């Protein structure tokens with residue numbers, strides 16, 4: 001199970017625990033459950049599912065949410081929390097909660113014998129139907145919502161639990177679905193029972209886990225009794241794939257396939273449960289539906305993307321069809337095999353890999369194709385959906401299909417004994433290299449570029465020198481080159497993103513600027529190679545050149561400034577030769593020439609400028625001190641592309657410098673929504689809040705910024721200033737101590753500490769801090785002035 005799958009499964013467990021606690025009268029908030037799995041605090045999308053569960057439970061009880069309560073509890077996730085609240089409002093007026101019955105009560109014509117289980121929004125009971133000789137049935141009771149009963153009514157298949165009847169109880173706001181009682185357990189319960197076994201497991205162990213067995217054993221029971229557990233899982237998978245294909249042929253996707261939604265009946269027959277999230281296929285380009293669900297640990301990438309499109313009211317980018325259910329089935333089968341430590345052959349591993357391929361083109365398009373390959377695997381036949389890459393496994397299958405050919409095999413083995421060891425060794429290395437190639441391609445498709453490059457370099461080492469492997473060697477080399485290129489592009493973009501942020505940071509230390517300048521020069525020296533690799537149209541390359549020239553001038557000492565300016569102007573001329581004439585290059589030249597209103601030299605100004613054109617121009621104006629012109633350019637950039645992070649960020653910086661903190665706060669709020677994990681978005685919004693005298697909001701954002709980047713010493717400084725403003729000098733001193741630990745400039749930190757000591761009426765400590773500041777920076781004007789006021793020398 002992947003890390004993401006593990007987190008999603010953990011969230012689901014915690015949500016079930018929350019529901020059980022609340023139903024039992026213990027109403028803990030979401031934070032208490034998050035603290036049981038601390039890593040969830042680093043994954044807001046997963047963690048907020050628990051908050052949504054809490055809101056649902058409160059809604060059912062008619063407990064209101066006070067204004068600002070959730071933002072105060074989760075200041076680091078304010079945009080996501082606000083979106084969550086807005087979604088609740090969109091859902092309409094609150095209704096009285098559904099009134100679930102208790103065991104022993106009667107609901108309609110059903111006497112509820114015992115509760116079999118419960119989830120976040122429903123309960124399942126073992127019941128007897130009095131109108132039909134008290135036959136045992138399963139009653140699934142949930143709020144009146146959804147079309148599960150309509151989906152189930154259309155499905156009559158051996159491996160799908162059928163629907164007997166459906167009945168609504170409007171007074172209780174409940175719907176009851178009557179299903180046959182087959183006994184047995186869910187696959188999740190069986191997996192839980194078997195995964196702790198220290199002994200090798202077989203198909204009979206799966207049957208032994210069931211609470212009861214039928215009086216007469218049918219063919220399913222007999223097969224599973226003799227099968228290995230691996231073969232039993234393959235057979236279950238094929239049966240479920242048949243059921244999925246049946247549903248898909250009728251235009252129904254399950255979309256919530258997981259072990260708890262698979263029943264292994266008392267006679268061993270696997271059956272699909274719970275079609276409450278079923279939905280027709282979604283075409284690419286179509287508007288997102290109003291609602292779409294699923295369990296993230298088992299959701300295909302296109303299913304996850306569709307859920308995000310629902311949240312943003314966007315459009316479906318990648319079609320969601322039968323392959324989404326195939327993906328879920330593949331994840332479920334692989335998890336069961338891993339949990340029970342079943343041996344998995346190369347062929348079966350390839351089948352499961354194809355089920356869970358990130359891209360649709362590499363996945364089984366139809367459940368029937370998967371069912372066919374699983375049955376071919378069970379019958380020792382060559383697989384059709386994947387290559388039969390293991391010679392040893394193919395030989396074993398052939399031998400099992402033709403047992404009387406074994407004497408011939410021994411004869412051939414005797415003749416080839418001298419070469420056998422070499423061949424087997426080569427085959428093993430070839431298999432390992434093919435596995436590494438598949439892993440590398442998978443990582444590459446998921447944009448895990450560094451992992452892809454590492455896997456593919458390992459594959460190259462394995463395949464080196466092996467005979468008859470030219471084609472595979474070429475494929476590995478080609479994939480490794482693509483991975484290396486992606487890593488370089490990723491690193492280039494990350495470095496340019498850092499420069500974009502630093503371009504408007506005024507308090508960088510000289511040694512920081514010199515270090516960044518060295519990094520810029522090293523990268524810019526490779527410009528010809530980068531252009532050959534990524535093309536002249538790559539925007540990061542021009543941006544690297546422009547930002548590198550700005551850093552070069554900022555890093556220069558006063559006696560080196562003229563040379564740095566001349567060097568930067570020469571670099572701008574070279575950029576024009578490399579990338580063509582653009583208005584931003586003219587503006588940069590004008591800035592270094594000291595010409596504040598120099599018109600562009602380009603022959604013809606574009607009639608429709610892009611948002612990036614405005615960003616570049618605005619940033620140039622901002623660096624030259626032309627704040628009003630900068631604000632105008634960033635206004636235009638945001639109007640053209642409201643989702644462009646850097647347009648909003650620079651807009652906020654310019655508005656702050658123009659003393660328009662309310663507008664700056666709005667711009668930085670957009671940044672926080674676009675990049676919730678970026679500490680500098682929170683920090684700059686805190687600056688705007690501070691100018692608006694909204695100290696509590698500023699502190700909340702500073703806390704969030706520090707939690708995201710504890711080394712941001714400027715955030716510690718600002719937090720100290722806000723605490724001092726709130727007359728909390730002791731807290732301010734603690735903040736300044738943390739700023740020192742984070743690497744803040746020592747002279748300025750000593751000065752700020754002295755200011756806090758003055759507020760504490762500790763003049764001696766203040767004077768000592770000021771003297772230390774002046775020892776480090778004798779020209780510190782503010783420290784000299786304050787020391788004179790204190791009567792010091």
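The values are calculated or read from the model by the stated rules, or taken from the named source; none is laboratory data. Because the structure is a prediction, the values reported are computed rather than measured. Note that we place each Cβ from the backbone using ideal geometry, even for glycine, and neighbour counts take in every protein chain shown.
Answer yes if at least one residue in segment 459-475 is closer than 29 Å to residue 537 by Cα, touching a residue at least 12 places away in the same chain (Cβ under 8 Å) and buried (at least 16 other Cβ atoms within 10 Å of the Cβ), and no otherwise. The answer is yes, given that some residue of segment 459-475 is closer than 29 Å to residue 537 by Cα, touching a residue at least 12 places away in the same chain (Cβ under 8 Å) and buried (at least 16 other Cβ atoms within 10 Å of the Cβ).
The set of residues in segment 305-319 being within 23 Å of residue 250 (Cα to Cα) and either surrounded by fewer than 16 Cβ atoms within 10 Å (Cβ to Cβ) or more than 16 Å from the chain's Cα centre (by Cα) (or both) consists of 316, 318, 319. Exactly one residue among 294, 314, 330 is under 22 Å from residue 435 (Cβ atoms) and free of Cβ contacts under 8 Å to residues at least 60 places away in the same chain, and that residue is 330. Go through segment 535-552 and give me each residue that's touching a helix residue (DSSP H, G or I) at 6+ places or on another chain (Cβ under 6 Å) and surrounded by fewer than 20 Cβ atoms within 10 Å (Cβ to Cβ). The answer is 536, 540. Residue 203 falls short on exactly one of the conditions (1) at pLDDT 80 or above; (2) buried (at least 17 other Cβ atoms within 10 Å of the Cβ); (3) not assigned by TED's automatic domain parsing to the domain that holds residue 251, and that condition is (3). Residues that are farther than 24 Å from residue 497 by Cβ and either part of a helix (DSSP H, G or I) or touching a strand residue (DSSP E or B) at 6+ places or on another chain (Cβ under 7 Å) (or both) within segment 657-694 comprise 661, 662, 663, 689, 690, 691, listed in sequence order.
Taking segment 742-793 and the helices (runs of 4 or more DSSP H) fully enclosed by it, the elements with 1 or more residues that are out of contact with any helix residue (DSSP H, G or I) (no Cβ under 6 Å at 6 or more places or on another chain) and surrounded by fewer than 16 Cβ atoms within 10 Å (Cβ to Cβ) are at 763-776, 781-789.
Taken over segment 560-577, the criterion of being under 15 Å from residue 542 (Cβ atoms) and surrounded by 14 or more Cβ atoms within 10 Å (Cβ to Cβ) is satisfied by 568, 571, 572, 575, 576. Considering only residues in segment 320-365 that are within 20 Å of the chain's Cα centre (by Cα) and assigned to a loop (DSSP other than H, G, I, E, B), the one that is surrounded by the fewest Cβ atoms within 10 Å (Cβ to Cβ) turns out to be 359. The residues in segment 149-200 that are in a loop (DSSP other than H, G, I, E, B), modelled with pLDDT under 85 and under 35 Å from the mean Cα position of the chain (by Cα) can be counted, and the count is 4. Among the residues of segment 632-645, write down those that are surrounded by fewer than 24 Cβ atoms within 10 Å (Cβ to Cβ) and part of a helix (DSSP H, G or I). 632, 635, 636, 638, 639, 640, 645, listed by residue number. Counting only helices (runs of 4 or more DSSP H) that fall entirely inside segment 366-473 and contain at least 1 residues that are more than 17 Å from residue 350 (Cβ to Cβ) and at pLDDT 65 or above, the qualifying elements are 367-378, 417-445, 449-463. Residues in segment 613-631 that are surrounded by fewer than 19 Cβ atoms within 10 Å (Cβ to Cβ) and within 21 Å of residue 540 (Cβ to Cβ): 623 alone. Does segment 658-672 contain any residue that is crowded, with 23+ Cβ neighbours inside 10 Å, over 22 Å from residue 752 (Cβ atoms) and without any contact (Cβ under 8 Å) to a residue 24 or more places away in the chain? Checked segment 658-672: at least one residue is crowded, with 23+ Cβ neighbours inside 10 Å, over 22 Å from residue 752 (Cβ atoms) and without any contact (Cβ under 8 Å) to a residue 24 or more places away in the chain. Selection of segment 250-291 for residues being assigned to a loop (DSSP other than H, G, I, E, B), buried (at least 23 other Cβ atoms within 10 Å of the Cβ) and more than 29 Å from the chain's Cα centre (by Cα) yields only 268. Among residues of segment 698-713 being more than 25 Å from the chain's Cα centre (by Cα) and at pLDDT 90 or above, the one that is farthest from residue 661 (Cα to Cα) is 699.
Of the residues 514, 485, 500, 477, the single one that is part of a helix (DSSP H, G or I) and farther than 23 Å from residue 545 by Cβ is 477. Considering every residue within segment 710-720, establish whether at least one is in a helix (DSSP H, G or I) and touching a residue at least 60 places away in the same chain (Cβ under 8 Å). Scanning segment 710-720 turns up at least one residue that is in a helix (DSSP H, G or I) and touching a residue at least 60 places away in the same chain (Cβ under 8 Å). With respect to residue 133, is the statement that it is modelled with pLDDT under 70 and farther than 28 Å from residue 18 by Cα true? No: the conditions fail for residue 133.
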